[in-house]
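**Student:** One structure, pasted below without further comment.
Bear in mind these aren't lab numbers, they're just calculated from the coordinates by the rules spelled out. Keep in mind the model is a prediction, meaning the values are calculated, not measured. Because the Cβ atoms are built from the backbone with ideal geometry, glycine has one as well, and the counts that use them run over all protein chains shown.
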């Protein structure tokens, strides 16, 4: 999201941007039932994380004591699944903690700053583009007019004259 503000001075615009961001942080912070749900989810994820860590520790001890190759392979597969579950629980815990704390200045890519130089529209570029667009529109008009004039001479002259009358009516030219 990009926030652009205007003020009497650069400092006023910066103060306005800071005020808008402060209001935004307050408005998007979790409230009421959302806070309760996030806290429950966080507590559950932390509990599962701790229990999963115990299972990981026990399974690594059991794999070290295993004698057969089949038991070691089965243990490694289960161990990999436990590690994947542990990583997803860690991600869930981090996500819930971020959601619970809401947004802050730390989440901003760049805090509001004072502009270093005045920004104005490029009038020369606008005038050149307007002239080019006008020239293109006139060229298109001339080609369409010439095509209609040439087509009116052929065998479909009546249909072409109807289209020509409609187009002239749209443009606002009366004959």
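**Student:** In degrees, nearest 10, range 0 to 90: what is the angle between the Cα axis of helix 33-65 and the longest Cα principal axis of the chain?
**Tutor:** 50 degrees
**Student:** Largest first, please: the extent of the C-alpha atoms of the chain along each principal axis, to the nearest Å.
**Tutor:** Principal-axis extents of the chain (Cα, largest first): 99, 57, 34 Å.
**Student:** What fraction of the Cα pairs in region 30-101, stated in percent, has a spacing above 14 angstrom?
**Tutor:** Value for region 30-101: 65 percent of Cα pairs lie more than 14 Å apart.
**Student:** Can you compute the FRET efficiency between residue 84 and residue 43 using 1/(1 + (r/R0)^6), with r the Cβ-Cβ distance and R0 = 22 Å? Round to the nearest 0.05.
**Tutor:** Result of the calculation: an efficiency of 0.50.
**Student:** Starting from 0.36 nm per residue, how many nanometres of slack lie between residue 5 and residue 105 once their C-alpha separation is accounted for?
**Tutor:** The residue 5-residue 105 span can extend by a further 34.3 nm.
**Student:** On C-alpha positions alone, give me the angle between the axis of helix 123-151 and the longest principal axis of the chain, in degrees, nearest 10.
**Tutor:** Orientation of helix 123-151: about 60 degrees from the principal axis.
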